[in-house]
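The structure under discussion appears below in the form of structure tokens.
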Amino acid sequence: MYSDDPSCSDCKLEIIERNWTQLLLDWLNRCVYRSKAVTQLSFRSLVDIIDKYKNDICADDFNKALLCTDDLEPYIAYKYPILRLRDLYEEAELPKKIYIMTSILLFHCCTNSQGQVESDICKEMRDDEQEIILKFCEELSDMEVTVNNINTAIKEAFEMRNRNETESRIETPNSSMQVMISSEKKPKLTFKSSITVLPSVVTETSMSRSSLEGFSDIACYPVTYGKFNANQIVMSSDSKDTDVSNYNLDIQKSKCQEDCSCTKCLTSTTCCGDPGRSMVECDQPMKKIISQWNWKICIIVSSAFLLLTLVIILSTIPLWKMSKKPKVVRLTEQRRTVIPDWMWHCDNGFCNKVFRPATNISMYTSMSRCKLLCSGPQLWPQPIGYTYFSKTIVTLATSKLEYKFQSIPSDSVNQYLAEAFKLFLKDLARLEKIDTKSREPLKEPVKKMIIQLDIESDSDPRLRTNTDEAYMVKVDTEKHQVFIKISAVSFCGVRHGLETLSQLILLDQSTGTLITLSHAVIKDAPSYKYRGVMIDTGRNYIPVIDLMRTLDGMATCKLNTFHWRISDVTSFPLKLSKTPELFEHGGYDRSMVYTREDVKAVVKRAGIRGIRVLIEVALPGPVGRPWSWLSDTSCPTKTENFTCNNPLCLRLLMTESVFDVLQNIYAEIIELTKVDDIFHLSDGIFSLMRCNNLIEDRDGYLDKALFRLRMANKGFLPKLPIIWYSPHLSRDFEAKVWEKLGVQLLDWTQNPSEFYLSQFKVIHSTKWDLSCEMKKQRCTRYRTWQEMYSWKSWRNIEVFTIEGGEAVLWTDLVDTGNIDEHLWPRAAAVAERLWSDMVANSSATKFVYLRLDTHRWRMLLRGVKVKPIWPTWCSFNPGICLERIP
């Protein structure tokens, strides 16, 4: 059906595929349609199958809602993620695609039936057809659902039926016996619904392509899985007449003879042998030729065997006369059978690599084992709640993994959770693919891993200002199973729990398997709600692929806000539908512009990782060249031709026409980001040039901007509007307008006598500037990660509330070539300070070094380019490198 190779085996496959297609058509005509007859499989028939059995195969209304579509491919792709239907996209492959989809729907209906599918098949299909369907389901349930395995299961089902028919003929040689057997009541095989969970085996084919290709992570169809169990086939006393004529593999009807010894069969004529030869020439004459040569071949083979035996005997005679010498075993060889050359020694909580240790006391065969048992799990950020870790290691594998979404409050939460869990599986699969070389034999049994995810009440998967991000991870081991439960109030909490779990599961370098602790409890929650990273893309354009990678790095550290300062005085690289003039005048180049699709892709990727996207447009001034098209702008000094002598100092006038434009910008940003409870109104005075009268020219901006923001947000003011803190707020009117709203501090000098921040909700960034400190347009120094980790004086400021903090990166000297090394690991240090501030050390201790280095290797494995914190030698011998650090 799908092969162009005219070999004898392909002829058999064609017969199987033709018969299976006929069986599928019979199933459709007898069980699905009944009133009409279809002659070929089609996409319409797939929809009709679902319409017929939707109530029977769906356990709840949610699953029924997922099937209310004419496009079943995404649903099948999510139910069976390893079945790569998307590879069959050519027009010539459509028949094969429909053939596979119909087969998998038959399997899915049978294994999830609550009675109707079973009843229809038993009533309408013949006994031999029932046996073939059951054998197909049984074979496929023991395999991963792939295209090749579906074909294999079909082939096995027919070959089994053919073998049974052959045995029946041998056992009943006379016709009277056959009549007797056919008249007996033969028990009928029936289906039974399954309640087990499908093991989610992750292989290369099950994972999506590079996470940076297409910016899409996972399909959006959350479901509960089911697995067909061969033990659930039961017997019934009803029977039907058996007719196997349609599905018996009768090779005589094919284009080749049974047991054909010829190598080729022509597709156009019933012949066998070389092309052009007929069946007459390839039948009896070939048998005569074979019989004439049989006796010659026997003589030649026998003579060769006798000659070889004689040569072996003669060649071994001298060895018998030699005296046997005792085998010398070197001490080093004997040691290698007991202790490997390289092991890991636990010394005061640090793992150091040792060559040929004299003893195996406090020694471990791999770094991962040593870290789990000696140093403890290297979690980043450090949990602030109750933790317990056992001292026993268990071995795991993704091939023995089951999972269950126990409590899901809404469909959208289910979709987000399904995609986040797939990312978790991808991380585990990536670990298993690491080539550790010279692996030792596996001594411990691989235990079955069962993961249960429970979201209690929050029906909104988005991160909100009131989202509870607390979570609990519990690991228990009973006999041959490891039970893992992650529970939280919200999706973001469970996502953080999955991140922590991925850090608990390590690769054992000595065996190449996954390991974790047999028992663990982690109760954790962030110290502050707002934990962000700001990237300025106005001064230098940062490609979308780098922003995506930044989100991946943020997720590993549980940072939850991506502050995207998208414009500056030098450029406006965002293409907005209502104000296209901004990117026309403000983009460096057509290739350096973010489209609406780019923004949506960033928002989607962020949401799955528990991150919100906060877009800031630099307003009201200086706004620079991108706004030169607008007439309602001003410039402090002009040339003799009445033109602005410095376009970078251009600022907006406080007119109604200007705020009409701003309202359109606010509305489109809220639409793209889907963040309506927090908004950054900018109000900064950052400029590359020295500009005059920036404060005086913005009087009334805050009051009017809040009103237009409320209008853009459908009449509701976001709970947390934010602006940069500037002397503008020192004025009484502006301060009163902004009372109990958010301000972001970038340049602040501690002065306990001043209480000017006591009426604001504060986001700190002063000592968390990742950019180079500039003096006279020259880079003087960068702050180290140790400085950023140790900065804690911000906690002593008199404020209304501390919302959190943010690491900021201005891109004067940053682009795609060096953005990662500017961000990481310093932003990771800020992340732990904001998450674990209640329990974190006031300075970077030796154990902070150890955990951050381990986390760096994790981030590298996920594709984030993290700058090293020390030489690699120290990663293998941390105890020696950290001797002088308290």
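The values are calculated or read from the model by the stated rules, or taken from the named source; none is laboratory data. From a predicted model like this one, the values you see are computed outputs, not experimental measurements. Cβ atoms come from the backbone with ideal geometry, glycine included; neighbour counts cover every protein chain shown. These accessible areas exclude ligands, DNA and RNA; they are computed on the full protein's heavy atoms, side chains included. Shrake-Rupley method; radii C 1.70, N 1.55, O 1.52, S 1.80 Å.
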| Is it the case that Pro445 is closer than 26 Å to Trp857 by Cα, in contact (Cβ under 8 Å) with a residue 40 or more places away in the chain and over 21 Å from the mean Cα position of the chain (by Cα)? | no
| query | Out of all the residues in segment 543-556, is one or more open to solvent by less than 20 Å² (accessible area, probe 1.4 Å) and either farther than 30 Å from Leu852 by Cβ or in a loop (DSSP other than H, G, I, E, B) (or both)? | reply | no
| message | Filter segment 593-639 down to the residues that are of a type in the set (Phe, Trp, Tyr) and open to solvent by 50 Å² or more (accessible area, probe 1.4 Å) and list them by number. | response | Trp629
| Criterion: open to solvent by 20 Å² or more (accessible area, probe 1.4 Å), in contact with a helix residue (DSSP H, G or I) (Cβ under 9 Å, 6 or more places away or on another chain) and β-branched (Val, Ile, Thr) - qualifying residue of Thr467, Thr537, Thr477, Thr513 | Thr513
| In segment 432-464, what residues are open to solvent by 30 Å² or more (accessible area, probe 1.4 Å) and under 25 Å from Cys492 (Cβ atoms)? | Ile450, Gln452, Glu456, Ser457, Asp458, Ser459, Asp460, Arg462, Arg464
| Somewhere in segment 597-608, is a residue acidic (Asp, Glu) and in a loop (DSSP other than H, G, I, E, B)? | no
| field | Pair list, Cβ under 9 Å, 6 or more apart: segment 857-872 residue part of a helix (DSSP H, G or I), other residue surrounded by fewer than 18 Cβ atoms within 10 Å (Cβ to Cβ) and among the basic types (Lys, Arg) | value | Met859/Lys865; Leu861/Arg430
| note | When (1) in contact with a strand residue (DSSP E or B) (Cβ under 6 Å, 6 or more places away or on another chain); (2) not in a loop (DSSP other than H, G, I, E, B) are applied to Leu559, the one that fails is (2)
| query | On the given criteria, is Asn841 free of Cβ contacts under 8 Å to residues at least 12 places away in the same chain and closer than 26 Å to Lys523 by Cα? | reply | yes
| remark: For Ser836, the lone unmet condition from (1) at pLDDT 95 or above; (2) touching a Pro at 6+ places or on another chain (Cβ under 6 Å) is (1)
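Table: residues versus (1) touching a Leu at 6+ places or on another chain (Cβ under 9 Å); (2) over 23 Å from Lys371 (Cβ atoms); (3) at pLDDT 95 or above.
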site	(1), (2), (3)
Ala397	yes, no, no
Ile408	yes, yes, no
Tyr416	no, yes, yes
Ala420	yes, yes, yes
Ala429	no, no, no
Glu432	yes, no, no
| Within the bounds of segment 689-707, is there any residue that is of a type in the set (A, V, I, L, M), touching a Lys or Arg at 6+ places or on another chain (Cβ under 7 Å), crowded, with 16+ Cβ neighbours inside 10 Å and part of a helix (DSSP H, G or I)? | no
| Among (1) open to solvent by 20 Å² or more (accessible area, probe 1.4 Å); (2) at pLDDT 80 or above, which single condition is Leu672 missing? | (1)
| said: I'd like the full set of residues that are among the hydroxyl-bearing types (Ser, Thr, Tyr), open to solvent by 10 Å² or more (accessible area, probe 1.4 Å) and in contact with a Ser or Thr (Cβ under 7 Å, 6 or more places away or on another chain), limited to segment 835-861. | reply: Ser842, Ser843
| Within the set of pairs 6+ apart or on separate chains, which have a first residue in segment 6-27 that is within 23 Å of Asp120 (Cα to Cα) and open to solvent by 10 Å² or more (accessible area, probe 1.4 Å), a second that is at pLDDT 80 or above and part of a helix (DSSP H, G or I), and C-beta atoms under 7 Å apart? | Asn19/Phe158; Thr21/Tyr99; Asp26/Glu129
| Can you pull out the residues in segment 509-524 that are at pLDDT below 95 and outside any strand (DSSP E or B)? | Gln509, Ser510, Thr511, Gly512
| Any hit, segment 780-794, residues being surrounded by fewer than 17 Cβ atoms within 10 Å (Cβ to Cβ) and touching a Leu at 6+ places or on another chain (Cβ under 7 Å) | no
| Where residues in segment 609-634 are of a type in the set (A, V, I, L, M, F, W, C), outside any loop (DSSP other than H, G, I, E, B) and in contact with a Phe, Trp or Tyr (Cβ under 7 Å, 6 or more places away or on another chain), which of them is nearest to Asp589 (Cα to Cα)? | Ile615
| Would you pick out the residues in segment 368-397 that are open to solvent by less than 30 Å² (accessible area, probe 1.4 Å) and under 20 Å from Asn877 (Cβ atoms)? | Ser368, Cys370, Lys371, Leu372, Cys374, Gly376, Gln378
| query | Taking the stated definitions as given, is Ser875 farther than 30 Å from Lys736 by Cβ, in contact with a helix residue (DSSP H, G or I) (Cβ under 6 Å, 6 or more places away or on another chain), open to solvent by less than 60 Å² (accessible area, probe 1.4 Å) and of a type in the set (S, T, N, Q)? | reply | yes
| message | Can you tell me which residue is nearest to Thr500 (Cα to Cα) among those in segment 398-430 that are aliphatic (A, V, I, L, M) and open to solvent by 30 Å² or more (accessible area, probe 1.4 Å)? | response | Leu423
| remark: Counting only residues in segment 125-160 that are part of a loop (DSSP other than H, G, I, E, B) and at pLDDT below 85, the one surrounded by the fewest Cβ atoms within 10 Å (Cβ to Cβ) is identified as Asp142
